[in-house]
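Please read the structure below before turning to the comments.
Derivation of every value follows stated rules applied to the coordinates shown; laboratory data play no part. Keep in mind that this is a model prediction, so the values were computed, not measured. We place every Cβ from the backbone using ideal geometry, glycine too, and count neighbours over all the protein chains shown.
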Amino acid sequence: MYQQIAANKAKSVFIIIFFILFIGVIGFLIGFIFDYRYGTGNYFSIAILIIAFIIALITSFASYYYSDKIVLQISKAHPIDKETDIRVNYMVEGLSIAAGIPMPKIYIIEEEGMNAFATGRNPKNGVIVLTRGIINKLNNEELKGVIAHELSHIKNYDILLGTIIVIFVGMLSIASNIILRSFFFGGGRRRSNERNGAGGIFALILLIIGLVLIILSPIIGTIIRMAISRNREFLADSNGALITRYPAGLANALRKISAESQIESANSATSHMFIADPLTKKNKPIFSNLFSTHPPIDERIKRLDIMSLGIGNNN
């Protein structure tokens, strides 16, 4: 169990470092292209990245602070009635103590599909959302596994990490847009005699490679973002199992959820937040599997089964 958690954390760190290095490479290529075309010097790319970062930060700020309210409204969720749902309230309270975080607010989506998600920018503002179906159809150990998984997202600041990654992807998109507009619609070029000889050929090759990478950078950034999201799901599974000390509970819950995870109020903008894919076939975007934010549910169950040593699994 601890090895899985350590491995997932290490993989997350590696992917994030790779993402930062990728942004650095894109920054260098932007500087090279501007210098090649306008003679501005390679350091001009720093200004471009700073501008892109500021724009991405501003556009993400409101989302970071108000996303929980927006998502709750979109999902048609309402606060839990503590007297009616005593079972859920006690579970969340006990597991929050075990996780070492403040008890989050609890919201309910009145749908029979089985799903759940967590939101909130930090543990003090955490929110857990459960569907009526998941409350009614899972036994206590299974429901505890799901709640512990969502508490792990809150404890691990996955909402904050997701926002930072979105800012990075936004930086790449904005920087790509700036460089392409400048290249195709900009002004004069550097003197042709500066590009003659072997050095000029090498510069031209690097220019072409740079343009291709810059064009593809938003897509590459999105793929990296999805990889981070999938890894954080594995981490939340492992941490959730650590909180409950019963990995089979979440594994058995995922087996049931995989058959009834569809939620009518979910859409492509909110689907990444749920514990399992909530989209029905009619509102699932084309090529959704290529940019999945969740690892295959069978792989998640397999890892949890290994952690549980076969104890309590309903195969």
Evaluate the distance, in nm, between pseudo-label points positioned 7 Å from the Cα of ILE20 and of ASN313 along their respective Cα→Cβ axes.
-> 3.7 nm
In nm, the gap between the two label points placed 7 Å beyond Cα toward Cβ at TYR65 and ALA259 is 4.6 nm
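Grab the other residues whose beta carbon is less than 10 angstrom from that of ASN125, score K and R as +1, D and E as -1, and report the net.
After counting each charged neighbour, the total is +2.
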Rounded to the nearest 0.05, what FRET efficiency do LYS302 and ASN136 have when you use their Cβ-Cβ distance and R0 = 30 Å?
-> 0.65
Full extension from ILE208 to ALA98: what is 0.36 nm times the residue separation minus their Cα-Cα distance, to one decimal in nm?
-> 34.1 nm
